[in-house]
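Below: the structure, in structure tokens.
The values are calculated or read from the model by the stated rules, or taken from the named source; none is laboratory data. Since this is a predicted model, take the numbers as computed values, not measurements. Glycine also receives a Cβ, built like all others from the backbone with ideal geometry; neighbour counts cover every protein chain displayed.
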Ligand code: BDP
């Protein structure tokens, strides 16, 4: 009897201790997102956070800080690498300066369209990129669609690289993008996303480039009346998590977080398709001239030095570039 009582007391104490341990071990993650409400990635990141909380039984909870309030994208990436921010929705463009393998997807015109890009991500190139990102502390656990980026400006439609010549164009932080604009005779200018509206409206830059949902959601269409469909960059985005934080989770918790990221990504792809069409309609209704480019050949030809420089600096990536181009 005494023994049984002791045993049961011991069992109760252990249960209390375990509960305390698991409560204190609950992970509260902070996630970065640059987008505002109304952008597909805002809703997808909220969904990710909800699914993680539900599927880990609250062992992992995520607070998403939208609108870039935790800092610019290059700063936030560094914070995730350091573990000061735990996760985020990042574009692979600004990841290129940190992880050279990621630059494969930032080569202008490397992909024919978004499905081609996703097929490449599913293959060896995707494994090389994910592996290198994970080693750099940025583990990708879901891939978002970011459509295609095109040029916009105020002076008239862009139909050839000559039209870009002489223009100061804002690009995301990556030498490949400055090189891309410079190869057309323009002046590629890296700048934080949050500063682009004012730079366009005051003429600090002549133009910028982005996909239609971002062009609309932050109001760039109010200060740039021509959107020319160059579609020169098709870059995926990730839900990325600090690698060490993720690996510290049990196998079950890792599986739960991964499945949340996969389902949030599937949701994002559907929202993205809808929002691209909605944004096209909205900016056209607001008076933006959407210009189709009859021949993108001269833009592609102008990119030869950009590829040559990248391959010279990263000879080990050449085979993956060829494999990506040859992927059906
Ligand atoms: C948007 C991306 C975001 C970038 C932004 C930019 O979703 O990650 O920060 O473009 O141009 O399309 O900086």
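The number of residues in the range 154-192 being farther than 19 Å from residue 221 by Cβ, without any contact (Cβ under 8 Å) to a residue 40 or more places away in the chain and within 14 Å of the ligand (Cβ to nearest atom) comes to 5. If you go through the range 184-201 and keep only what is touching a strand residue (DSSP E or B) at 6+ places or on another chain (Cβ under 7 Å), buried (at least 22 other Cβ atoms within 10 Å of the Cβ) and not in a helix (DSSP H, G or I), you end up with 186, 188.
When the range 222-269 is filtered for residues that are within 22 Å of the chain's Cα centre (by Cα) and in a loop (DSSP other than H, G, I, E, B), the ones remaining, listed by number, are 234, 235, 236. Test residue 275 against the stated conditions and say whether it is exposed (fewer than 15 other Cβ atoms within 10 Å of the Cβ) and in a helix (DSSP H, G or I). Taking the combined requirement at face value, the residue does not satisfy it.
For every residue, the table says whether it meets (1) modelled with pLDDT under 50; (2) within 37 Å of the chain's Cα centre (by Cα).
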{"position": "3", "(1), (2)": "yes, no"}
{"position": "11", "(1), (2)": "yes, no"}
{"position": "22", "(1), (2)": "yes, yes"}
{"position": "35", "(1), (2)": "no, yes"}
{"position": "42", "(1), (2)": "no, yes"}
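Does residue 288 satisfy being surrounded by 19 or more Cβ atoms within 10 Å (Cβ to Cβ) and not assigned by TED's automatic domain parsing to the domain that holds residue 161? No, not satisfied. Contact map, the range 305-320: residues that are over 16 Å from residue 105 (Cβ atoms) paired with residues that are modelled with pLDDT of 95 or more, Cβ distance under 7 Å, separation 6+ or inter-chain. Pairs shown: 305/183; 309/179.
Could you say which residue among 99, 52, 64 is touching a residue at least 40 places away in the same chain (Cβ under 8 Å) and crowded, with 16+ Cβ neighbours inside 10 Å?
52 is the lone residue from the list that is touching a residue at least 40 places away in the same chain (Cβ under 8 Å) and crowded, with 16+ Cβ neighbours inside 10 Å.
Residues in the range 80-96 that are outside any strand (DSSP E or B) and in contact with a helix residue (DSSP H, G or I) (Cβ under 7 Å, 6 or more places away or on another chain): 83, 85, 86, 92, 93, 94, 95, 96.
When the range 267-298 is filtered for residues that are touching a strand residue (DSSP E or B) at 6+ places or on another chain (Cβ under 6 Å) and closer than 30 Å to residue 128 by Cα, only 268 remains. The number of residues in the range 97-118 that are in a helix (DSSP H, G or I) and closer than 26 Å to residue 215 by Cβ comes to 10.
The set of residues from the range 80-92 being away from the ligand (no atom under 16 Å from the Cβ) and under 16 Å from residue 133 (Cα atoms) comprises 81, 82, 83, 86.
Quick check, is residue 199 under 22 Å from residue 69 (Cβ atoms), modelled with pLDDT of 95 or more and within 11 Å of the ligand (Cβ to nearest atom)? In short, no. Kindly establish whether residue 204 is within 16 Å of the ligand (Cβ to nearest atom) and not in a loop (DSSP other than H, G, I, E, B). For residue 204, the condition - within 16 Å of the ligand (Cβ to nearest atom) and not in a loop (DSSP other than H, G, I, E, B) - is not met. For the range 145-183, give me each residue that is crowded, with 23+ Cβ neighbours inside 10 Å and either at pLDDT below 95 or in a strand (DSSP E or B) (or both). Passing the criteria: 149, 151, 152, 153, 169, 170, 171.
For the range 49-79, the set of residues classified as within 15 Å of the ligand (Cβ to nearest atom), touching a helix residue (DSSP H, G or I) at 6+ places or on another chain (Cβ under 9 Å) and not in a strand (DSSP E or B) consists of 66, 67, 68, 70, 71, 72, 73, listed by residue number.
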